[in-house]
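Here the structure comes first, spelled out in structure tokens, and everything after it is commentary.
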Amino acid sequence: SLNDDVRKYVPELPNFGTRITINHLIYHTSGLRDQPHLMWLAGWRFEDAVTEQDVLHLVSQQKELNFTPGQEDLYCNTSYTLLATIVKRVSGKSLSEFAQERIFKPLGMTHTLFPKDYSDVVKNRAYSYQPGLQGGYQDFTFADSTLGPTGVVTSVEDMALWDKNFDDGRVGGKAVQAAMLKKGVLNSGKETSRGSGILIEEYRGLKVIKHSGSIVGYRCRYVRFPDQHLSVVILANTSDVDADSLAWEVANLYLAEKLQPEATPTASGEKKLPQEVSVDSRLLDSYVGDYELASGDIVSITRENNQLMAQGTGQGRVGIYASSPTAFFLKNAPVQLTFIRPDASSTAQSIVLRQGSSERTAKRIPTAPLTDFVGTFY
């Protein structure tokens with residue numbers, strides 16, 4: 001049952017004094033701490049080989065959760081490693097074997113698999129790259145051997161077969177498809193935008209099912225418009241490809257007559273952006289800092305010359321442009337940021353982020369005095 005206690009199958013998970021269910025793992029509401037961050041804090045490097053046992057060992061040593069299960073929605077790779085562990089312990093097969101038998105083979109996905117280990121040789125596999133410091137490209141090593149949150153190798157053609165299953169229910173049937181599309185609900189009764197392993201939202205007035213992924217140099221974006229029978233899949237293998245923007249550009253072309261206007265058009269048909277203004281560098285400095293939207297979801301504001309840059313957790317850095325001394329906008333997305341300074345002589349204490357009809361507030365994370373970091377560390 002998806003309502004089973006995770007410790008029934010993963011007894012290594014500590015007893016935190018509150019029940020974590022399989023559903024909590026699926027909907028990213030478990031409160032568990034994210035495994036990449038735990039690895040980095042423990043001194044691991046990106047190129048180090050990470051296995052399921054490594055993750056279980058780290059999780060077994062955790063003393064508390066980020067929040068009470070079901071209280072918040074916070075993306076957590078650890079949850080999906082544990083889900084893969086549960087599949088293995090219940091079925092007696094690895095996720096690699098189980099997915100091949102139950103999903104990939106029945107759907108005819110002949111170029112899709114979970115390699116058992118990062119070192120497995122996969123025919124026609126695209127390697128991971130990143131821009132080189134002196135120009136050109138360089139290898140971006142991928143050594144993660146955890147299955148569940150990552151690890152699947154596939155192709156655009158095979159993703160189209162997986163996508164088609166939402167229409168015909170060949171694997172799992174209509175009941176499983178409906179369950180996948182059911183949104184999560186927090187303890188407060190508030191509905192989240194997450195289904196089972198996917199996001200269910202709206203884009204310019206149309207329902208959209210989507211998810212993205214990025215690890216080392218790999219970038220991907222899956223977007224499905226169920227009512228319009230359009231799906232877009234972008235797969236890339238270098239970190240400077242903006243797979244997200246490319247997917248929306250394709251959707252904008254195909255659905256131009258059905259999408260609501262993104263912004264007020266000019267006479268030439270181009271999107272009308274706010275008028276840019278100059279802002280004093282001292283005021284820009286008062287905005288620099290880290291702001292927290294939710295536990296572990298950080299927006300970092302930095303300054304390069306007279307340009308402010310914004311970077312969300314797990315995202316690339318983007319320029320933000322002033323439309324007033326306190327309001328900024330992105331040029332390639334309908335996002336606005338307003339800095340709140342209760343005291344005109346102080347630094348900004350929060351940011352209000354607006355995207356469409358959505359509005360969220362991120363509070364500044366206080367900077368600790370350097371003396372707080374003095375000590376002996378083991």
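Here are the numbers:
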{"quantity": "The chain: DSSP helices with Cα axial extent of at least 15 Å and average Kyte-Doolittle hydropathy no lower than -1.0", "calculated": "77-91, 156-168, 243-254"}
{"quantity": "Within straight-line cross-link reach of Lys8, lysines at Cα separation under 16 Å, skipping those fewer than 8 residues along the same chain", "calculated": "Lys88"}
{"quantity": "Per residue accessible area of region 58-104, 1.4 Å probe, in Å²", "calculated": "47"}
{"quantity": "Region 136-149 - phi-based ³J(HN,Hα) in whole Hz, Karplus 6.51/-1.76/1.60, Gly and Pro as x", "calculated": "x, 10, 9, 5, 10, 4, 10, 10, 6, 10, 7, 9, x, x"}
{"quantity": "HN-Hα J in Hz across region 192-197 - Karplus 6.51, -1.76, 1.60, θ = phi - 60°, x for Gly and Pro", "calculated": "8, 9, 9, x, 8, x"}
{"quantity": "Net lengthening on full extension, Asp343/Glu191 (0.36 nm per residue, minus Cα-Cα)", "calculated": "51.1 nm"}
{"quantity": "In sequence order, calculated HN-Hα J values of region 24-34 (Karplus, 6.51, -1.76, 1.60; Hz; x Gly/Pro)", "calculated": "4, 5, 4, 8, 6, 10, 6, x, 5, 7, 6"}
{"quantity": "Percent accessible area from carbon and sulfur atoms, region 179-231, protein chains only, probe 1.4 Å", "calculated": "47"}
{"quantity": "Distance from region 172-232 to region 97-155 (C-alpha centre basis), Å", "calculated": "22"}
{"quantity": "Charged-residue dipole, Cβ positions (Lys, Arg, Asp, Glu), region 321-378 about Cα centre, Debye nearest 20", "calculated": "200"}
{"quantity": "Amide H within-cut-off set for Tyr137, under 5 Å, with H built and near neighbours excluded", "calculated": "Gly132"}
{"quantity": "Among Leu41, Leu65, Gly92 the positive-end extreme of the charge dipole of region 1-107 (Cβ point charges)", "calculated": "Gly92"}
{"quantity": "Sulfur and carbon atoms: percent of accessible area, region 1-73 [1.4 Å]", "calculated": "49"}
{"quantity": "Residue-normalised accessible area of region 156-255, expressed per residue, 1.4 Å probe, Å²", "calculated": "51"}
{"quantity": "Test item: Cα-centred dipole of region 40-185, Lys/Arg +1 and Asp/Glu -1 on Cβ, debye", "calculated": "520"}
{"quantity": "Leading residue at positive end of dipole, the chain (Cβ point charges), from Leu370, Met180, Ser193", "calculated": "Met180"}
{"quantity": "Placed amide H near Leu230: partners under 5 Å, 5+ positions off or other chain", "calculated": "Phe225"}
{"quantity": "Residues of type lysines that Lys258 reaches as a straight line, Cα spacing below 29 Å, ignoring anything fewer than 8 places off in the same chain", "calculated": "Lys164, Lys174, Lys182, Lys183, Lys207, Lys210, Lys271, Lys272, Lys331"}
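The values are calculated or read from the model by the stated rules, or taken from the named source; none is laboratory data. The structure displayed is predicted, hence computed values, not measured ones. No Cβ is skipped: glycine too gets one built from the backbone with ideal geometry, and neighbour counts run over all protein chains shown. When the accessible area is computed, the model is the full protein with side chains, heavy atoms only, and any ligands, DNA or RNA have been set aside. Shrake-Rupley method; radii C 1.70, N 1.55, O 1.52, S 1.80 Å.
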